[in-house]
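Contents: one structure, followed by commentary.
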Amino acid sequence: MTIQVARLKDPTVRAFVSAVNAHDRDAFQALLAPGATMSDDGSDRDLDDWTEREIFSTHGHMDVDNESRGGRALIARYSNDTWGEMRTRWNFTVGDDGRITRFETGQA
């Protein structure tokens, strides 16, 4: 059963999912701390290149099925025009300023 985005516990993660689903680059970028990093399936990736390729140019979308760690760990059905839909995990590190310093994703 999908969790409505508005009901996600962590406000930064909620804003991240909203920005992804709205394809809002500006809102997405505003959530990232300077020097933020990410990994996909255990390999560090260039954040700008990855988000353009996997989210924005391919219409990425997240349907969250489960959250843990106070809302900073998600299991979601992620889809985009390249890969279709897959079950994914997302883990977020959020700084004291409420911005994401790192996120890790991959197949769940």
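The values are calculated or read from the model by the stated rules, or taken from the named source; none is laboratory data. Values in this document were obtained by computation on a predicted structure and should not be read as measured data. For neighbour counting, all protein chains shown are included, and Cβ atoms are generated from backbone atoms with ideal geometry for every residue, glycine included. The accessibility values were calculated without ligands, DNA or RNA, using every heavy atom of the protein model including side chains. Shrake-Rupley method; radii C 1.70, N 1.55, O 1.52, S 1.80 Å.
At a glance:
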{"read-out": "Number of positions in region 41-64 that are under 11 Å from the mean Cα position of the chain (by Cα) and among the hydroxyl-bearing types (Ser, Thr, Tyr)", "value": "1"}
{"read-out": "Strands (runs of 3 or more DSSP E) completely within region 25-77 that count 2 or more residues being modelled with pLDDT of 95 or more and touching an Asp or Glu at 6+ places or on another chain (Cβ under 7 Å)", "value": "32-40"}
{"read-out": "Answer residue from region 2-37, given it is in contact (Cβ under 8 Å) with a residue 40 or more places away in the chain and among the charged types (D, E, K, R) and is surrounded by the fewest Cβ atoms within 10 Å (Cβ to Cβ) among those", "value": "LYS9"}
{"read-out": "Positions within region 59-93 being within 13 Å of ARG25 (Cα to Cα) and open to solvent by less than 80 Å² (accessible area, probe 1.4 Å), in sequence order", "value": "GLY60"}
{"read-out": "Only one of ASP48, ASP40 that is of a type in the set (Asp, Glu) and either open to solvent by 50 Å² or more (accessible area, probe 1.4 Å) or under 19 Å from VAL5 (Cα atoms) (or both)", "value": "ASP48"}
{"read-out": "Test for THR12: is it within 12 Å of the chain's Cα centre (by Cα), at pLDDT 95 or above and under 15 Å from GLN107 (Cα atoms)", "value": "no"}
